[in-house]
Amino acid sequence: QKEVEQDPGPLSVPEGAIVSLNCTYSNSAFQYFMWYRQYSRKGPELLMYTYSSGNKEDGRFTAQVDKSSKYISLFIRDSQPSDSATYLCATQSKAAGNKLTFGGGTRVLVKP
Amino acid sequence: EAGVTQFPSHSVIEKGQTVTLRCDPISGHDNLYWYRRVMGKEIKFLLHFVKESKQDESGMPNNRFLAERTGGTYSTLKVQPAELEDSGVYFCASSLGGVRNEQFFGPGTRLTVL
């Protein structure tokens, strides 16, 4: 079983819709949770970094963490064609030296 | 401020040859990580440097892989001899460390072993 599970998609939405992405994880030692965006042939770009249960908002992006359910989510409001990319969730724990454990990524396509 | 840079962007070699990948972290970042994504799989951790010391190399696949970080600045990852299954995208990331340890990634090196 993978430590971080993520639906690969693709997820296709019309421009302006809300994009909803999620991951589940199995290791309760994970303390920090990240969302990265990756465009084709580019490196992952950090979008959100959270460390506690609850919501964190940054512009059109909201990250949600539920540690009791081991469930993390990312919502993108008012989606734009430029949001079309692969979104990767990642987890981290100090005990494991802060190395990142990634989900497989969800491909998102926002259609104009 | 310059981000993490990696060289080359793409390398095509034959099985049995040697390849060296280079990563230049963000200036001042003591932590440097190598990750790899092989086709159809998730990005996986290879190893972690703190300055010039290897902190964790638990993700290195085998002894054909050798990573160095001389002087605690740039790092190299050598694959010798390369095998077909080494094909993939190799990413480098760096971070300041501390309580929050956001890692910033380079663009990756796409390695193709024929």
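The values are calculated or read from the model by the stated rules, or taken from the named source; none is laboratory data. All values derive from a computational prediction rather than experimental measurement. Cβ: placed from backbone, ideal geometry, glycine included. Neighbour counts: every protein chain shown. Heads up: the accessible areas ignore ligands, DNA and RNA and are worked out on the full protein's heavy atoms, side chains in. Shrake-Rupley method; radii C 1.70, N 1.55, O 1.52, S 1.80 Å.
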Item to check | Dipole moment magnitude, nearest 20 debye, the range A:4-111 about Cα centre, only Lys, Arg, Asp, Glu C-beta charged | outcome: 280 debye
Checklist entry - In whole Å, how far is the Cα centre of the range B:30-68 from that of the range A:36-75? => result 24 Å
Item to check | Protein-only accessible surface order, largest first, of B:F105, B:F7 at 1.4 Å | outcome: B:F7, B:F105
Item to check | Pairwise Cα inverse-distance average, inverted: Kirkwood Rh of chain B (Å) | outcome: 14.0 Å
Checklist entry - Taking the Cα centre of chain B as origin and charging only Cβ (+1 Lys, Arg; -1 Asp, Glu), how large is the dipole, in debye to the nearest 20? => result 140 debye
Checklist entry - In this model, which of A:K99/B:K78; A:K42/B:K78; B:K41/B:K78; A:K67/B:K51; A:K56/B:K54 are farther than 30 Å apart at the alpha-carbon? => result A:K67/B:K51; A:K56/B:K54
Checklist entry - So how do B:H48, B:H10 rank on accessible area, 1.4 Å probe, biggest first, that is with the largest at the start? => result B:H10, B:H48
Next on the checklist: Let me test this: with uniform point scatterers at the alpha carbons of the range B:47-114, what is the Debye-based log₁₀ I(q)/I(0) at q = 0.18, 0.21, 0.22 1/Å?
Outcome noted: -0.77, -1.02, -1.10
Next on the checklist: Once ligands and nucleic acids are excluded and a 1.4 Å probe is used, how much of A:K99 is accessible, expressed in Å² to the nearest 10?
Outcome noted: 50 Å²
Checklist entry - What residue among B:L47, B:L77, B:L66 shows peak mean-square fluctuation when chain B is described by a Gaussian network model with Cα springs under 10 Å? => result B:L66
Next on the checklist: Under 5 Å between amide hydrogens, which residues at least 5 positions from A:L109 or on another chain qualify, with H placed 1.01 Å from N in the peptide plane?
Outcome noted: A:L11, A:S12, A:V13
Next on the checklist: Taking every DSSP beta bridge with both residues inside the range A:4-111, roughly what % is antiparallel (nearest 5)?
Outcome noted: 90 percent
Checklist entry - Residues of B:101-107, mean number of Cβ from any other protein chain within 10 Å of their own Cβ, rounded to a whole number? => result 6
Next on the checklist: Below 8 Å, C-alpha to C-alpha, sequence gap of six or more: please give me the relative contact order for chain B in percent.
Outcome noted: 37 percent
Item to check | Dipole magnitude of the protein assembly as shown, debye to nearest 20 (Cβ charges: Lys/Arg +1, Asp/Glu -1, about Cα centre) | outcome: 180 debye
Checklist entry - Which listed residue (B:N62, B:G40, B:H29) has the Cα farthest towards the positive end of the charge dipole for chain B, taking +1 on Lys and Arg C-beta and -1 on Asp and Glu C-beta about the Cα centre? => result B:G40
Checklist entry - Counting only the heavy atoms of the protein chains, how much of A:F102 is accessible to a 1.4 Å probe, in Å² to the nearest 10? => result 10 Å²
Item to check | Of all DSSP beta bridges in the protein assembly as shown, antiparallel share, percent nearest 5 | outcome: 90 percent
Checklist entry - Karplus couplings for the range A:107-112 from phi (6.51 cos²θ - 1.76 cosθ + 1.60, θ = phi - 60°), rounded to Hz, Gly and Pro as x? => result 7, 10, 10, 9, 8, x
Checklist entry - Using the scaling law 2.2 N^0.38 Å as the reference, what is the normalised Cα Rg of the protein assembly as shown? => result 1.02
Checklist outcome for this item: On each of the three principal axes the extent of the alpha-carbon atoms of the range A:4-111, given in whole Å and largest first, is 41, 29, 21
